[in-house]
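In what follows, a structure is listed as structure tokens, so that the remarks can point back to it.
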Amino acid sequence: MLDDRSRTLLKALVEHYIADGQPVGSRALSKFSGLDLSPATIRNVMADLEEAGFVASPHTSAGRVPTARGYRLFVDSLLTVQPLEARQMGAMEEALHGLPANQVIANASQLLSNLTHFAGVVIAPRRAANRIRQIEFLSLSEKRILLIIVTTDGDVQNRILTSDKSYSPSELVAAANYLNQNFAGLDFEQIRQRLAHEIQQLREDIKPLMSLALEAGDAALAENAQPYVISGEKNLLDVEELSSNMKRLRQLFDLFEQRSSLMRLLDISNRAEGVRIFIGGESGIATLDECSVIAAPYSVDGQVVGSVGVIGPTRMAYERVIPIVDITARLLTSALSGKNDN
């Protein structure tokens, strides 16, 4: 545990570093901490904080910067959150009310981005499993097949299958007819369970095609079942700590594109009460080692269905971003509750 003097100096260092992005020296700390301490005493305290892993010394400066551990202590016990102004909250509420659910979710992502100048993300409510109305197979080449899925709500998904053997048009029609006649009205999980019992009745050459269709179709509808909206990725190009490492920045944009790892991280926040903060390596995603993710769950009619979040550098104004994420989640809960359209 740190004594009050060390905590006060660490708080001053983190706040000063967040404000201007430069390593903080003992003279600046003496000025901003409000403590009547000699530079030598401050240097000794900084040395102790560095040894404990709360601050680090860049090679190019005698000043110090907070580490992920220092940010964590700051966020957990030293931070003074700034409440949002009534005018700003009113504008946020106006942006998220009186619209269809999908537009509310898109607006929430954009709102997070606009207010924080980082990337805003919203995991939308998972839709009920789509049931199959019709399936078709079309031959594209010798071993490439187009799978066409039409759901009962009219959604159409296409996937290209690559098989180990070629199928004639008549075989593809027969396979599609078998699925449509026996499994129309079911979702892919129900089809998989039924096929597990009936697989022995299928012709050997058709079994691989059925397996490919189930896997690809399930993936296609799963992607569509939980929309993921991200806004303001380009804002991160203006963050010096991130833009100075183009390789890491490209990896970050790849993460946004692939989505799955980030969605799993945000899903964790669904199980939390209130705002959840992942600083640097706490996310478990190497690409986010220099980033922080601030997320909060939101509910529809009393049930947690998704999460909202902001992704930015570890050097962010947590006292501003945390209430923005929290209020956005609360407003999204209010705006979506009572709606039946996703």
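The values are calculated or read from the model by the stated rules, or taken from the named source; none is laboratory data. None of the values given here were measured: they were computed from a predicted structure. Methodologically, a virtual Cβ is constructed for each residue, glycine included, from the backbone with ideal geometry; neighbour enumeration extends over all protein chains shown. Accessible surface is based on the protein model in full, side chains and every heavy atom, while ligands, DNA and RNA are left aside. Shrake-Rupley method; radii C 1.70, N 1.55, O 1.52, S 1.80 Å.
Here are some notes:
- Qualifying residues in the stretch 176-215 (those that are of a type in the set (D, E, K, R) and part of a helix (DSSP H, G or I)) - the one modelled with the lowest pLDDT: E198
- Some residue of the stretch 237-249 being modelled with pLDDT under 80, surrounded by 12 or more Cβ atoms within 10 Å (Cβ to Cβ) and either under 27 Å from L332 (Cβ atoms) or in contact with an Asp or Glu (Cβ under 7 Å, 6 or more places away or on another chain) (or both): no
- Among (1) assigned to a helix (DSSP H, G or I); (2) of a type in the set (A, V, I, L, M); (3) within 11 Å of L212 (Cβ to Cβ), the one test that V173 misses: (3)
- Only one entry in P66, P39, P83 is surrounded by 17 or more Cβ atoms within 10 Å (Cβ to Cβ) and on the phi < 0 side of the Ramachandran plot, namely P66.
- Only residues that are at pLDDT 70 or above and either in contact with a strand residue (DSSP E or B) (Cβ under 9 Å, 6 or more places away or on another chain) or open to solvent by less than 10 Å² (accessible area, probe 1.4 Å) (or both) were counted across the stretch 216-235, and they come to 12.
- Those helices (runs of 4 or more DSSP H) of the stretch 1-117 in which 3 or more residues are under 19 Å from R315 (Cβ atoms) and in contact with a helix residue (DSSP H, G or I) (Cβ under 8 Å, 6 or more places away or on another chain) occupy 4-20, 26-33, 68-73, 101-116.
- Enumerated strands (runs of 3 or more DSSP E) restricted to the stretch 262-341, each holding at least 2 residues that are closer than 28 Å to V239 by Cα and in contact with a Gly (Cβ under 7 Å, 6 or more places away or on another chain): 291-300
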